[in-house]
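Notes to accompany the following structure.
The values are calculated or read from the model by the stated rules, or taken from the named source; none is laboratory data. From a predicted model like this one, the values you see are computed outputs, not experimental measurements. Virtual Cβ from ideal backbone geometry, glycine too; neighbours counted across all protein chains shown. SASA here: full protein model, heavy atoms, side chains in, ligands and nucleic acids out. Shrake-Rupley method; radii C 1.70, N 1.55, O 1.52, S 1.80 Å.
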Amino acid sequence: VIGIDAGGTKLLGGVISADLVVHHRVHRLWRGADRAEVLDIMVEAVEEVRAAAPDVDAVGFGIPSLVDHDRGVSLSSVHLPLEDVPFRDLMSERLALPVFVDNDTNVAVLAEQRHGAARGARHVVMLTLGTGIGGGLVLDGQVYRGTLGAAGEIGHMTVELDGPAHPGDCTNRGCLEALVSGTAIGREGWEAGQEYPDSELGKALARGREITGALVTELAHDGDETARAVLATAGARLGAGIVSVVNLLNPEVVVLGGGVLAAGELVLAPARAVVAERALRPSGAAVRIEPAHFGEEAGMLGAAVMALEESA
Ligand SMILES: [Zn+2]
């Protein structure tokens, strides 16, 4: 099958066999493209890898949209111009192949649960911490989508009643995403740099550098205590969010992916400590909190797993 991860800024795809080996790869960038262009680029990308493997059976797409999985319709999307698009039917007509489509985090958690960090577990929650925070659920071995396909929005769980707002359509305050995403860590790093001008963060700020989550992580790895404290606070807040998820769903594994995980144990250790201290026993004591296995390729591989399973 062909697996395509169509993210907000780029497409990553490949021809993937049942043992999850990637045989041919394709990638594309599409900043600022309109709906027709985005769909054309997807078709071209599929045709490019299909030329190298003409015997593929199906195509799976993970897209950054609210997806009606049963009808294969992209209902709305913050990151791509894919509102009210009958995606599955449109693509299967253009490609003359069976097409399957789901939300990108839903396919990522599928890859991690079937073959990755949560292999063998029946109940799995995944959070992808990048510019924003995505969430996906596998419950009883099945992707859980909710009534409208909108389940798993763990990034919008309230962690601080009067906390900061964040960009996008969300009208809540103090969401996990407003406190622990890469964007939020950059903002907290900027504030810490103001407060502690003698820290490496403060010096970077004085030199006019843009304080991003990636820079905070880099300075923390180099030993800057102020940057480490920013990540420790983010990790503790992440842990507080995971406490609620664990109490609600009693998962075996919580998988954490996305760019923020470049901080590794600097974020994971405080998150695990808060979960161990605050989540209800026995679920809190039993849950494993693991970094994602597939990194950037989880979406592409998960799209392929969906296509393999649903075309079988
Ligand atoms: Zn929110």
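In this structure, does residue 292 turn out to be open to solvent by 50 Å² or more (accessible area, probe 1.4 Å), of a type in the set (A, V, I, L, M) and under 18 Å from the mean Cα position of the chain (by Cα)? I'd like the intermediate steps shown before the answer.
Numbers: open to solvent by 50 Å² or more (accessible area, probe 1.4 Å): no; of a type in the set (A, V, I, L, M): yes; under 18 Å from the mean Cα position of the chain (by Cα): yes.
Judged against the criteria, residue 292 is not a match.
Of all residues being farther than 21 Å from residue 243 by Cα, at pLDDT 95 or above and within 24 Å of the chain's Cα centre (by Cα) in region 171-203, which is nearest to the ligand (Cβ to nearest atom)? Just the residue, please.
We begin by selecting, within region 171-203, every residue farther than 21 Å from residue 243 by Cα; these are 171, 183, 186-203.
Retained after the next criterion (residues that are at pLDDT 95 or above): 186-203.
Checking which are within 24 Å of the chain's Cα centre (by Cα) leaves us with 186-189.
Numbers: 186: 17, 187: 15, 188: 17, 189: 20 Å.
Per the stated criteria, the residue is 187.
Out of the residues in region 72-87 that are of a type in the set (A, V, I, L, M) and touching a Gly at 6+ places or on another chain (Cβ under 8 Å), which is most open to solvent (accessible area, probe 1.4 Å)? Break it down stepwise before answering.
Of all residues in region 72-87, those of a type in the set (A, V, I, L, M) come to 73, 75, 78, 80, 82, 85.
Among the residues that remain, those that are also touching a Gly at 6+ places or on another chain (Cβ under 8 Å) are: 75, 78, 80.
Working: 75: 53, 78: 111, 80: 11 Å².
Top of the filtered list is 78.
So that you can scan it fast, the table gives a plain yes or no per residue for (1) among the hydroxyl-bearing types (Ser, Thr, Tyr); (2) within 15 Å of the ligand (Cβ to nearest atom); (3) surrounded by fewer than 23 Cβ atoms within 10 Å (Cβ to Cβ):
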residue	(1), (2), (3)
89	no, no, yes
99	no, no, no
102	no, no, no
107	no, no, no
120	no, no, yes
133	no, yes, no
141	no, no, yes
149	no, no, yes
159	no, yes, yes
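Collect the residues in region 107-125 that are of a type in the set (A, V, I, L, M, F, W, C) and assigned to a loop (DSSP other than H, G, I, E, B), keeping them in residue-number order. Let's see the steps before the verdict.
Narrowing region 107-125 to residues of a type in the set (A, V, I, L, M, F, W, C): 107-111, 117-118, 121, 124-125.
117, 118, 121, listed by residue number.
Cβ-Cβ below 7 Å, separation at least six or inter-chain, first residue in region 80-96 and within 21 Å of residue 54 (Cα to Cα), second of a type in the set (Val, Ile, Thr) and assigned to a helix (DSSP H, G or I): which pairs?
94/43; 95/43; 95/46
Conditions: (1) part of a loop (DSSP other than H, G, I, E, B); (2) within 16 Å of the ligand (Cβ to nearest atom); (3) not small (Gly, Ala, Ser). Residue 128 meets all but one. Number of the miss?
Of (1) part of a loop (DSSP other than H, G, I, E, B); (2) within 16 Å of the ligand (Cβ to nearest atom); (3) not small (Gly, Ala, Ser), only one is false for residue 128: (1).
Taking the criterion of being aromatic (Phe, Trp, Tyr), part of a strand (DSSP E or B) and either closer than 24 Å to residue 65 by Cβ or free of Cβ contacts under 8 Å to residues at least 12 places away in the same chain (or both), would at least one residue in region 98-106 satisfy it? Let's see the steps before the verdict.
Just the residues of region 98-106 that are aromatic (Phe, Trp, Tyr), to begin with: 100.
Imposing the further condition that a residue be part of a strand (DSSP E or B) reduces the set to 100.
Now restrict to residues that are either closer than 24 Å to residue 65 by Cβ or free of Cβ contacts under 8 Å to residues at least 12 places away in the same chain (or both): 100.
Yes, region 98-106 contains a residue that is aromatic (Phe, Trp, Tyr), part of a strand (DSSP E or B) and either closer than 24 Å to residue 65 by Cβ or free of Cβ contacts under 8 Å to residues at least 12 places away in the same chain (or both).
Are any residues in region 275-289 at pLDDT 95 or above, open to solvent by less than 70 Å² (accessible area, probe 1.4 Å) and out of contact with any strand residue (DSSP E or B) (no Cβ under 9 Å at 6 or more places or on another chain), and if so, which ones?
276, 279
Output the number of the condition that residue 168 fails; it satisfies all remaining conditions of (1) more than 16 Å from the ligand (Cβ to nearest atom); (2) surrounded by fewer than 18 Cβ atoms within 10 Å (Cβ to Cβ).
It is condition (1) that residue 168 fails.
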